[in-house]
Structures are given as structure tokens and as C-alpha cells.
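K.L.:
Take this structure, written in C-alpha cells, and hold onto it; I'll ask about it next.
The values are calculated or read from the model by the stated rules, or taken from the named source; none is laboratory data. As the structure is a computational prediction, the values presented were derived from the model and not from experiment. Cβ sites come from the backbone with ideal geometry, for glycine too, and all protein chains shown count toward neighbours. Remember, those area values only see protein heavy atoms, side chains included, never the ligands or the DNA or RNA. Shrake-Rupley method; radii C 1.70, N 1.55, O 1.52, S 1.80 Å.
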Amino acid sequence: MEEQKGKDKIWFERKFISMSSERIVSFLPSSTEILYEIGAGSQIVGVTHECKYPDDAKRKPRVINSSFDASKMNSKDIDQKIVELMQSGRDIYLIDDQKLREAKPDLIIAQGVCEVCAPFTKEINRATSVLGYNPDILVLDPHDLDDILISIMDIAERVGRVTEGRKLVVSLRKRIDDIRVRAGDRRIGGDFSDKNHNNRPKILCIEWINPFFTAGHWVPQMVEIAGGINGLSSRAQPSRRIHDIDEIMKFNPDRIILMPCGFDIDRTLREAKTLETNAKWKSLQAVQNNEVYAVNAGAYFSKPGPRTVTGLEVLAKIIDPESFEDIRVPPDSFTKYNNN
């Protein structure tokens, strides 16, 4: 019996060591963040150009880069470039063959949410062709906050960090539930049981400014949990292009939150300047009431990782600043946009 226990212990230790030494290439920033949060950052041997958090991620080998420099382009130019690349079948993301081979990954973590936002199926196929062997592939496909928490556990289980993953998920769930309870988001069968639901502010989250896109996936759920009524997009559904600003005028939001995908506050404020000559935009009630906000989308909204919960807290402070006055969020997370 004791001999069997000893063998079991040796087997467990070998398995643990094997899983802990696994070489991981992350094809998306959110999985990079998750890996660091659960203590597996040292196992990362390759990242993308967008993996900038935490700081140590910037020092990892970049196995994927963008095919164009978006930092020197405005929103309209970026949109046109992506449309052009997709229509012509050319690559949005480029794999560095040499660095990928040097990384020798046992595991590649990728996503199936959006082929524009991060490397997608085509890049996975390309990577296996470059490597000449088939590493394990973990494809994440989160569409709301619940899926994000599931993704954390998927990664934790795959890299042998289940305890750390559970601890992180419990911590994030507690923060989500705290916002939900305080905002009075009590649902029965998917409907609001809160008698004051009709008094909740109407919120429009804009994921791209030129052309307008309304934010989808996890953002609508975040708005509802934080105490607002989400408009022009649906939970767990892709972001959607708004072809006519009359659609925004009809919804008539009380607050507008600018969160262009991947942009920080400064970049968002620069892009928002183009709206100041739009008469219909300036006629919106939220604009006239100075209820337009810019958030750090790149850090807290665009990437389905742990910091999305910080984004939820940011929304709560924007939607109901008095009730959530005690919630502390990073100083770079949001600001009111002066439309004058």
C-alpha cells in the first residue's frame, strides 16, 4: 500500500513538472494576461505584438505582428485597410516563422471570436504548417462575462494551474456580483424584476467611431449588470456596424461611451474630434448634456480577460457615480469627453 502511494506521488510529481514546463505560445493578449495571473507567465515562449500586459509580456518573443501600422492611421483608414485585406484574402496578421520555430510550442492558445481583433483560424493553420508538427491547440471563444470566466478555467486546467485559476475566478466573480447587487440587477427568467428598471439610463457603447460600430459580445451584459439599459447591440452577439446615425438618434441614449477597439483614452479623444462637425451627433441629447465618456478600451474592454471586470467597475462609475463612488478604478480608465 505504501509502495503504491509512493508510486502515485512520483507519477503526480512527474505529471505536474511536465505540465509546468510546457512551452506556450499565446495568440491573443487576454490569454497572455490570464497566464500571468495564474502564475504561468514563465511558460510563455511567444506572444503577439498586442501582448503588452503585464510589462514582462513585452519582453517575450513576438511570433505574430500586424501586417500594417495602425498607429499612424485614423479610424476610417484602419477600417478601409481591414476591409481591403479581407476582400483580397491577404493577411491581417503575419507570423514570424523563425521565432515560432525557435519557440517550439507544446501548446498554442488562440481565439475564435473575431478574425479582425486577434489571430484566427488561418493563423493557427499557418503556424502548424511552419512548425512541421501539430502542437496542442486551445481555442477560446468567449462571448460574455460568463464565457470569460470559463476561458480562465480552460487555460488553468490545460496548464496545470487549476487551484490558481479557481482562486482568480472566485475573486472576479465576487467583484461582478458586488456590482450586480449594488446596481439592483435582479432578474427572474431573464427579465428585470427591479421596479426601477424603467428609470435606468440608456447607454450606447461605441466600439468604432468612423464608421460607427456598436459594441457587442460581453459589453451589453456589462452595461446591464452595471445598472444601464444597453442599446443597439445584444449580449453575446458580434459588434455591429451602424449605417445611419438616425439609428442612434432614435435610441436617444442618456450616456454615450466611446470605446474604440484597442484604443487608449488619448487615442480615443483624438478620434472623437471628427464628430464635432457632425450636426446630427451634436444634436444628440447625451452630447448636449455633456454625457459622453471615453474609456481605455485596449486595457479594460476589448480583450476578454481578467481586466474586463475592471471595465465593469468603470461602467458602474459612469452609469451611477454616486452609488459607486467608493469603487476605485485605475486613473487611466475613463474620462468625460468635453464636446464643446
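K.L.:
Any residue at all in the stretch 23-45 that is open to solvent by 50 Å² or more (accessible area, probe 1.4 Å) and at pLDDT below 95?
P.N.:
The answer is no; no qualifying residue exists.
K.L.:
Return yes when LYS174 is farther than 26 Å from THR310 by Cβ, modelled with pLDDT of 95 or more and open to solvent by 70 Å² or more (accessible area, probe 1.4 Å) and no when it is not.
P.N.:
On the way: farther than 26 Å from THR310 by Cβ: no; modelled with pLDDT of 95 or more: yes; open to solvent by 70 Å² or more (accessible area, probe 1.4 Å): yes.
So LYS174 fails the test.
K.L.:
Being touching a helix residue (DSSP H, G or I) at 6+ places or on another chain (Cβ under 9 Å), more than 15 Å from ALA183 (Cβ to Cβ) and open to solvent by 50 Å² or more (accessible area, probe 1.4 Å) is the filter; apply it to the stretch 292-334 and report the residue that is modelled with the lowest pLDDT. First the steps, then the outcome.
P.N.:
Step one: list which residues in the stretch 292-334 are touching a helix residue (DSSP H, G or I) at 6+ places or on another chain (Cβ under 9 Å), which gives 292-316, 319-320, 323-325, 327-330, 332-334.
Keeping just the survivors that are more than 15 Å from ALA183 (Cβ to Cβ) gives 292-308, 310, 328-330, 332-334.
Cutting the leftovers down to open to solvent by 50 Å² or more (accessible area, probe 1.4 Å) gives us 328, 332, 334.
Working: ARG328: 97, ASP332: 93, PHE334: 98.
So, considering only residues that are touching a helix residue (DSSP H, G or I) at 6+ places or on another chain (Cβ under 9 Å), more than 15 Å from ALA183 (Cβ to Cβ) and open to solvent by 50 Å² or more (accessible area, probe 1.4 Å), the one modelled with the lowest pLDDT is ASP332.
K.L.:
Right, here's the next one. Considering the stretch 24-50 alone, what residues qualify as being closer than 17 Å to LYS167 by Cα and touching a residue at least 60 places away in the same chain (Cβ under 8 Å)? Working first, answer last.
P.N.:
Step one: of the stretch 24-50, the residues closer than 17 Å to LYS167 by Cα are 31, 33-41.
Within the stretch 24-50, SER31, GLU33, ILE34, LEU35, GLU37, ILE38, GLY39, ALA40 qualify.
K.L.:
Which pairs have Cβ atoms under 8 Å, sit 6 or more apart or on different chains, and link a residue in the stretch 57-74 that is touching a residue at least 40 places away in the same chain (Cβ under 8 Å) to one that is in a loop (DSSP other than H, G, I, E, B) and among the polar types (S, T, N, Q)?
P.N.:
As it stands, the answer is ASN74/ASN210, since those pairs meet every condition given.
K.L.:
Scan the stretch 111-148 for residues that are surrounded by fewer than 22 Cβ atoms within 10 Å (Cβ to Cβ), at pLDDT 90 or above and under 14 Å from the mean Cα position of the chain (by Cα) and report the count.
P.N.:
5
K.L.:
Scan the stretch 121-140 and tell me whether some residue there is within 25 Å of ILE38 (Cα to Cα) and in a helix (DSSP H, G or I).
P.N.:
At the first step, the residues of the stretch 121-140 found to be within 25 Å of ILE38 (Cα to Cα) are 124, 135-140.
Cutting the leftovers down to in a helix (DSSP H, G or I) gives us 124.
There is at least one residue in the stretch 121-140 that is within 25 Å of ILE38 (Cα to Cα) and in a helix (DSSP H, G or I).
K.L.:
Could you list all residues from the stretch 213-230 that are in contact with a helix residue (DSSP H, G or I) (Cβ under 7 Å, 6 or more places away or on another chain) and of a type in the set (A, V, I, L, M, F, W, C)? I'd like the intermediate steps shown before the answer.
P.N.:
As a first pass, look at the stretch 213-230 and keep what is in contact with a helix residue (DSSP H, G or I) (Cβ under 7 Å, 6 or more places away or on another chain): 218, 221-223, 225-228, 230.
Residues satisfying the conditions are TRP218, MET222, VAL223, ILE225, ALA226.
K.L.:
Given the conditions (1) closer than 20 Å to GLY262 by Cβ; (2) part of a helix (DSSP H, G or I); (3) modelled with pLDDT under 95, report the number of the one that ASN65 does not fulfil.
P.N.:
ASN65 satisfies every listed condition except (2).
K.L.:
If we keep just the residues of the stretch 204-235 that are more than 19 Å from PRO306 (Cα to Cα) and among the aromatic types (Phe, Trp, Tyr), which is surrounded by the most Cβ atoms within 10 Å (Cβ to Cβ)? Before the answer, list the steps.
P.N.:
Going residue by residue through the stretch 204-235, those that are more than 19 Å from PRO306 (Cα to Cα) are 204-214, 227-234.
Checking the rest, the ones that are also among the aromatic types (Phe, Trp, Tyr) come to 208, 212-213.
Numbers: TRP208: 24, PHE212: 21, PHE213: 22.
Out of the qualifying residues, it is TRP208.
K.L.:
Can you tell me which residues in the stretch 19-40 are part of a helix (DSSP H, G or I) and either closer than 20 Å to ILE137 by Cβ or of a type in the set (Val, Ile, Thr) (or both)? Don't jump to the end; show me each part of the working.
P.N.:
Taking the stretch 19-40 as the starting set, the residues that turn out to be part of a helix (DSSP H, G or I) are 19-20, 29-37.
MET19, SER20, PRO29, SER30, SER31, THR32, GLU33, ILE34, LEU35 - these are the residues of the stretch 19-40 that are part of a helix (DSSP H, G or I) and either closer than 20 Å to ILE137 by Cβ or of a type in the set (Val, Ile, Thr) (or both).
K.L.:
While we're here: Just to be sure, is GLY262 touching a helix residue (DSSP H, G or I) at 6+ places or on another chain (Cβ under 7 Å) and either under 23 Å from ALA70 (Cβ atoms) or surrounded by 19 or more Cβ atoms within 10 Å (Cβ to Cβ) (or both)? Reasoning before the result, please.
P.N.:
Numbers: touching a helix residue (DSSP H, G or I) at 6+ places or on another chain (Cβ under 7 Å): yes; either under 23 Å from ALA70 (Cβ atoms) or surrounded by 19 or more Cβ atoms within 10 Å (Cβ to Cβ) (or both): yes.
Answer is yes for this residue.
K.L.:
Consider PRO238 against the criteria (1) open to solvent by 40 Å² or more (accessible area, probe 1.4 Å); (2) over 19 Å from PRO304 (Cβ atoms): it satisfies all of them except one. Which criterion is unmet?
P.N.:
Of (1) open to solvent by 40 Å² or more (accessible area, probe 1.4 Å); (2) over 19 Å from PRO304 (Cβ atoms), only one is false for PRO238: (2).
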